[in-house]
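Asks: Below you'll find the structure I mean.
The values are calculated or read from the model by the stated rules, or taken from the named source; none is laboratory data. None of the values given here were measured: they were computed from a predicted structure. So basically every Cβ, Gly included, is an ideal-geometry build from the backbone, and we count neighbours across all protein chains shown.
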């Protein structure tokens, strides 16, 4: 499973990347801004994505919208609350910073289970 990381804080991106690789995930990125993330999405469709909201003066909403269009499940890893998110993104899963490895892996597991359940219900419809 490939996970896109969009995070502008180098040390956080490195830690998350290491946590995911140790857990057996392949990592795409990390991308530190919207343009870099979009470039990666032009090349590879990840299974999941983890997005920071604030990326050095820009917000990751364009990446979130691209992921929605591609059908890629994602979560926001941020210190912000859902109230800062646009209405169409406010219901997306969030992981509050700072977070432990166990919380990150649990959030990805929940995202995967939710995605599998949605796919199962779509097949049954």
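Asks: Can you name every residue in segment 85-103 that is under 21 Å from residue 11 (Cβ atoms) and in a loop (DSSP other than H, G, I, E, B)?
Replies: Those that are under 21 Å from residue 11 (Cβ atoms) and in a loop (DSSP other than H, G, I, E, B): 97, 98, 99, 100.
Asks: So in segment 73-125, with the set limited to residues that are without any contact (Cβ under 8 Å) to a residue 12 or more places away in the chain and within 14 Å of residue 48 (Cα to Cα), which one is surrounded by the most Cβ atoms within 10 Å (Cβ to Cβ)?
Replies: Ranking the candidates gives 106 first.
Asks: Same structure again: Please state which one of 28, 20, 40 is outside any loop (DSSP other than H, G, I, E, B), over 13 Å from the mean Cα position of the chain (by Cα) and surrounded by 14 or more Cβ atoms within 10 Å (Cβ to Cβ).
Replies: 40
Asks: Just checking, which of 75, 85, 95 is touching a helix residue (DSSP H, G or I) at 6+ places or on another chain (Cβ under 7 Å) and modelled with pLDDT under 95?
Replies: Working: 75 fails: modelled with pLDDT under 95; 85 fails: touching a helix residue (DSSP H, G or I) at 6+ places or on another chain (Cβ under 7 Å).
Going through 75, 85, 95 in turn, just one is touching a helix residue (DSSP H, G or I) at 6+ places or on another chain (Cβ under 7 Å) and modelled with pLDDT under 95: 95.
Asks: Does segment 90-99 contain any residue that is farther than 20 Å from residue 19 by Cα and touching a strand residue (DSSP E or B) at 6+ places or on another chain (Cβ under 8 Å)? Outline the logic, then answer.
Replies: Pass one, segment 90-99, residues farther than 20 Å from residue 19 by Cα: 90-92.
Among the residues that remain, those that are also touching a strand residue (DSSP E or B) at 6+ places or on another chain (Cβ under 8 Å) are: 92.
Yes, segment 90-99 has at least one match.
Asks: A further question on this structure: Check off (1) surrounded by fewer than 15 Cβ atoms within 10 Å (Cβ to Cβ); (2) not in a helix (DSSP H, G or I) for residue 35 and give me the number that stays unchecked.
Replies: Tallying (1) surrounded by fewer than 15 Cβ atoms within 10 Å (Cβ to Cβ); (2) not in a helix (DSSP H, G or I), residue 35 fails exactly one: (2).
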